[in-house]
Amino acid sequence: MSGGAEQPDRRAFLALAAAAGVTTAMTATHAQAQGGAARSAYADATVVDPRLVAFSNGRELDTARLVVEGEVPADLAGGFFRNGPAMFEREGVRYRHWFDGDGLMQRWRIHDGAVSYRSRFIQTSKYALENAASRFLLPVSGGGITPTAAFTGANSTNPSNTSVISMGGETWALWEGGSAMRLDPETLDTLGLVRWNSEIDGAPFSAHPRRGDDGRLWNVGSLGQRVLLYRLGRSGELEKFKIQPLGQEGYFHDFLLTRRSLVLIQCSTRTQGVRSFESGSFGSLRAAPDKPMRVHVFDRETFELVRESELPSGFAFHFGNAWEEDDGTINFDIVHSPDGDLMLEFFKPMSGLFPAWQAVSYRASLPPRGAPRFERLQDRVEFPTINPRFETRRNRYVYATAFQNPARQDWFDAVVKIDLERGGNQYFDYGPDWMVEEHVFVPRPGAQDEDDGWLVGTALNWTAQKSALTIFDAARPGDGFIARAWLDTPMPLGLHGHFRTG
């Protein structure tokens, strides 16, 4: 299993999980007042700002056939899945942080040129308890909720709300603080937690696993000043795990994989003070501008720490691709923000404000010796993605959501295709009425060229109060969409998506 690796301590997991939620007492009256104040501020803001439907509670829906503009490609078939927080308030109490909402899995199914839609809340133990009680019973990571149900570890507060992957015949919904949740890809019924053995049951399993060119899956889990490294087989079986000390704390949400290495980059943050109901783990995470981002490079097969390095101080949620040269130089795409307090921005939507997106895309090179190199690519972008067939290989293109209108401050309004070799980036500007979510690359069957496929993603038109799925030719997204399927209602903005073929 772990080949002599350090074994997890179950008590340590429970202690860390408890620290992520609650470590100091607060009266129920105070918690209720916080949640009520957020609800009141949000309600007042929605009266004058229809864009805020993006952060309203989602719904479970079934629509057999959506209205389609354009023509869906005949050889594009499968399901576009998006996970994201979507249950933000119950009984007059609203969460304080966007990332706390319970997960809603959405599936836009494409078949024979038609598109259908289904959405279901993920039936975690937390969701089931609170749905039966019609009120929140447990805090998540943004604080503000007094626990009135048993806390038995991270999975008792797991909202399963961040990402989604396909594994064998199942779909897995992911959160970064606890176990993955198994779903039926057709019905979206919840099948239960992903469990391998008692030693790591309930351990953090990040929302950004990386798949190698051999079909195996790597992932990480944050344990404060340590990291839990995973490798899974093609069918989701656990092949190897290891706990590795990092020497310092520092938030990480994503990581990188090459054909030889696993690269973990810690943000420039510190936990301030004692975590509490009021602040939660997110509210306690603060910028440490004097602290560089720390890079840890592991051998991806043995999990041995190979080398460490430093990057400029800042914060990074997401990375694009990574590939490694013969001499050990690691090249990767990073969306970097100089603001280490970026996590605090996502308290804003719960009270009717929009977060400030200031991250910049860079191509970074990390030589075996010497200083790293940064090449600035694109301002104000997020959610980078590439052709999945080029993961761990040298890639020419990166796709991302972006701000095309420099005066726009609320949300992304465009998608961009970044050409790393020749420049001349291509944009599709959705327009002022749209709020654009992450898009993913779907390779065309049998394709060889890196940009031969489709760019598929969702967006919310706040004027029409409708959400839509948009399909682009990935070689020429600047030419406009080739098909768009409309849902006759708005859905809250989600986080990460995935396309399951077939």
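The values are calculated or read from the model by the stated rules, or taken from the named source; none is laboratory data. Since the model is a prediction, treat every value here as computed from it, not as a measurement. No Cβ is skipped: glycine too gets one built from the backbone with ideal geometry, and neighbour counts run over all protein chains shown.
Taking into account only those residues within the stretch 39-72 that are touching a helix residue (DSSP H, G or I) at 6+ places or on another chain (Cβ under 6 Å) and not hydrophobic (A, V, I, L, M, F, W, C), which is surrounded by the most Cβ atoms within 10 Å (Cβ to Cβ)? The selected residue is Tyr42. Considering each of Glu304, Glu278, Glu249 in turn, give the residue that is acidic (Asp, Glu), surrounded by fewer than 23 Cβ atoms within 10 Å (Cβ to Cβ), modelled with pLDDT of 95 or more and over 20 Å from the mean Cα position of the chain (by Cα). Testing whether each residue is acidic (Asp, Glu), surrounded by fewer than 23 Cβ atoms within 10 Å (Cβ to Cβ), modelled with pLDDT of 95 or more and over 20 Å from the mean Cα position of the chain (by Cα) leaves just Glu304. Within the stretch 303-315, track down each residue that is touching a residue at least 24 places away in the same chain (Cβ under 8 Å) and not in a strand (DSSP E or B). Passing the criteria: Phe303, Pro312, Ser313, Gly314. Within the stretch 116-134, being of a type in the set (Ser, Thr, Tyr) and within 30 Å of Val72 (Cβ to Cβ) holds for Ser116, Tyr117, Ser119.
Return the only residue of Val48, Val67, Val72, Val53 being out of contact with any Leu (no Cβ under 7 Å at 6 or more places or on another chain) and either farther than 24 Å from Val456 by Cα or without any contact (Cβ under 8 Å) to a residue 12 or more places away in the chain (or both).
Unique residue meeting the criteria: Val48.
Any chance you could count how many residues in the stretch 188-198 are free of Cβ contacts under 8 Å to residues at least 24 places away in the same chain and assigned to a loop (DSSP other than H, G, I, E, B)?
1
Conditions tested, residue by residue: (1) crowded, with 22+ Cβ neighbours inside 10 Å; (2) touching a strand residue (DSSP E or B) at 6+ places or on another chain (Cβ under 7 Å); (3) modelled with pLDDT of 95 or more; (4) charged (D, E, K, R).
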{"position": "Ile243", "(1), (2), (3), (4)": "no, yes, yes, no"}
{"position": "Ile265", "(1), (2), (3), (4)": "yes, yes, yes, no"}
{"position": "Arg270", "(1), (2), (3), (4)": "no, yes, no, yes"}
{"position": "Val274", "(1), (2), (3), (4)": "no, no, no, no"}
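Counting only strands (runs of 3 or more DSSP E) that sit completely within the stretch 199-302, those holding 2 or more residues that are over 22 Å from Thr385 (Cα atoms) correspond to 217-223, 226-232, 238-245, 269-271, 285-287, 293-299.
Within the stretch 327-380, track down each residue that is at positive phi and of a type outside the set (Gly, Ala, Ser). Residue satisfying the conditions is Arg380 alone. State yes or no: is His318 at pLDDT 95 or above and under 30 Å from Thr46 (Cβ atoms)? For His318, the condition - at pLDDT 95 or above and under 30 Å from Thr46 (Cβ atoms) - is met.
Residues in the stretch 132-147 that are closer than 16 Å to Asp100 by Cβ and loosely packed, with under 15 Cβ neighbours inside 10 Å: how many?
Within the stretch 132-147, residues that are closer than 16 Å to Asp100 by Cβ and loosely packed, with under 15 Cβ neighbours inside 10 Å number 0.
Cβ separations smaller than 9 Å between residues 6+ apart or across chains give no pair from the stretch 460-486 residues that are on the phi > 0 side of the Ramachandran plot and basic (Lys, Arg) to residues that are surrounded by 21 or more Cβ atoms within 10 Å (Cβ to Cβ) and not in a strand (DSSP E or B). Please work out which one of (1) within 13 Å of Asn161 (Cβ to Cβ); (2) touching a Phe, Trp or Tyr at 6+ places or on another chain (Cβ under 8 Å) is the condition Arg90 fails and give its number. Unmet condition: (1).
Among Ser235, Ser206, which is out of contact with any Lys or Arg (no Cβ under 8 Å at 6 or more places or on another chain), surrounded by fewer than 21 Cβ atoms within 10 Å (Cβ to Cβ) and not charged (D, E, K, R)?
Matching residue, one of Ser235, Ser206: Ser235.
Restricting the stretch 322-373 to residues that are among the small types (Gly, Ala, Ser) and assigned to a strand (DSSP E or B) leaves a set whose member that is surrounded by the fewest Cβ atoms within 10 Å (Cβ to Cβ) is Ser365. The set of residues in the stretch 224-245 that are within 19 Å of the chain's Cα centre (by Cα) and within 24 Å of Asn83 (Cα to Cα) comprises Leu228, Leu229, Tyr230. Of all the listed residues (Asp410, Asp433, Asp449), the sole one being without any contact (Cβ under 8 Å) to a residue 40 or more places away in the chain and over 25 Å from Tyr117 (Cβ atoms) is Asp449.
Selection of the stretch 124-144 for residues being in contact with a helix residue (DSSP H, G or I) (Cβ under 6 Å, 6 or more places away or on another chain) and more than 19 Å from Gly84 (Cβ to Cβ) yields Leu137, Leu138, Pro139, Gly143, Gly144. The number of residues in the stretch 169-198 being within 27 Å of Phe390 (Cα to Cα) and small (Gly, Ala, Ser) comes to 3.
All told, Ala128 falls short of being modelled with pLDDT of 95 or more and within 30 Å of Val442 (Cα to Cα). Residues of the stretch 316-329 that are touching a residue at least 40 places away in the same chain (Cβ under 8 Å) and out of contact with any Lys or Arg (no Cβ under 7 Å at 6 or more places or on another chain): Ala316, Phe317, His318, Phe319, Gly320, Asn321, Ala322, Asp327, Gly328.
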